[in-house]
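Comments concern the structure below.
The values are calculated or read from the model by the stated rules, or taken from the named source; none is laboratory data. Since we're looking at a predicted model, the values are computed, not measured. Neighbour counts are summed over all protein chains in view; Cβ atoms, including those assigned to glycine, are modelled from backbone coordinates with ideal geometry. In case anyone asks, the SASA skips ligands and DNA or RNA and just uses the protein heavy atoms, side chains included. Shrake-Rupley method; radii C 1.70, N 1.55, O 1.52, S 1.80 Å.
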Protein chains: 2
Amino acid sequence: MKALADPTRRDILKRLNAGDLAAGEIAAACDMTAPSVSHHLNVLKQAELVASRRAGQSIIYSLNSTVVQEFLQELLDFFDIGENDDA
Amino acid sequence: MKALADPTRRDILKRLNAGDLAAGEIAAACDMTAPSVSHHLNVLKQAELVASRRAGQSIIYSLNSTVVQEFLQELLDFFDIGENDDA
DNA sequence: TAGATAATTAGACAAGCATCTAATTACGAC
DNA sequence: GTCGTAATTAGATGCTTGTCTAATTATCTA
């Protein structure tokens, strides 16, 4: 949950939602230094929202759609959406 | 979004989801000083996730279900849930 | 009005966090 | 093996934020 608190990380997730990206590409897109992005990617990774795989020198990051959807489902359950609210 | 980052605030929302509560009741339930809870309630209020009304000496807080649902819908749209993921 | 209770505001302080530069590791090309 | 590129790790710094105590505001009751 805290992983989604930062705007940069949400931006990263949004980009990854459109397609896999290398760490360097993300850094360029976010207009941020590589270490900073690396930090955010690590946070997202620990939250299991993204996965990484090496491809030569690059490391490709991809969105973990399953976990994202599970998280959203939890959130929906949390607020009991679809409940009777007969005022 | 950042309003949901703090565990205490999520706890407050959960309690309010079960029913309206006075500020003091929330403070007691969260085992926290009144000013701290007041701070969190203010954050939630600015995010329009909760609403408040005065009832005598107490101030009653209630969950703003509409905004909560709108927020969840935004989140669902954000990740394009239900999209085609033909790998 | 005076006193008591409920809540907020003001101010301070410590912990957490996002960001940067510098250094290190990993891989590929020569 | 050496050089260059991609990325991470290490370490430092400044800002944000959650928490507290003390003081203030608002309401009710006698």
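Ligands, DNA and RNA left out, the accessible area of the protein assembly as shown computed with a 1.4 Å probe is 46% carbon and sulfur.
Counted by Cβ distance under 12 Å from residue A:70, the other residues give a net charge of -3, where Lys and Arg count +1 and Asp and Glu count -1.
When A:26, A:59 are compared by accessible surface with a 1.4 Å probe, the order from highest to lowest is A:59, A:26.
Take the alpha carbon gyration tensor of the range B:1-54, find the square roots of its eigenvalues, order them as a ≥ b ≥ c, and report rounded if a/c is under 1.5; if not, report prolate when a/b exceeds b/c, else oblate. Since a/c stays below 1.5, the shape of the range B:1-54 is classed as rounded. Buried between A and B is an accessible area of approximately 1900 Å², summed over both sides with a 1.4 Å probe. Counting only the heavy atoms of the protein chains, how much of residue A:1 is accessible to a 1.4 Å probe, in Å² to the nearest 10? The accessible area of residue A:1 comes to roughly 60 Å². Membrane-span-like helices of chain A, defined as complete DSSP H segments with a Cα extent of 15 Å or more along the helix axis and a mean Kyte hydropathy of at least -0.5, are identified as A:34-46, A:65-78.
Only helical DSSP H runs with n ≥ 4 go in: add -39500 (n - 2.57) per run for chain B, normalise by residue count and round the 222 nm mean residue ellipticity to 500 deg cm²/dmol. Intermediate results must be reported in sequence, preceding the final value.
Working: 4 runs with 47 residues, N = 87.
Calculated at 222 nm, the ellipticity per residue is -16500 deg cm²/dmol.
Largest to smallest in accessible area, the residues A:14, B:2 fall in the order B:2, A:14 (1.4 Å probe, all protein chains included). Relative to one another, the C-alpha centroids of the range B:9-50 and the range A:22-36 are positioned 38 Å apart.
Annotation for residue A:65, label-to-label distances across the other copies: 3.2 nm (shortest first, one decimal, point 7 Å from Cα along Cα→Cβ). In terms of the Cα gyration tensor, with a ≥ b ≥ c the square roots of its eigenvalues, is the protein assembly as shown rounded because a/c is under 1.5, prolate because a/b exceeds b/c, or oblate? Judged from the Cα gyration tensor, the protein assembly as shown comes out prolate (a/c at least 1.5, a/b above b/c).
The amide H of residue B:21, built 1.01 Å from its N in the peptide plane, has B:61 as neighbours under 5 Å, considering only residues 5 or more places off or on other chains.
Solvent-accessible surface of the range A:2-78, taken per residue with a 1.4 Å probe and all protein chains present: 56 Å².
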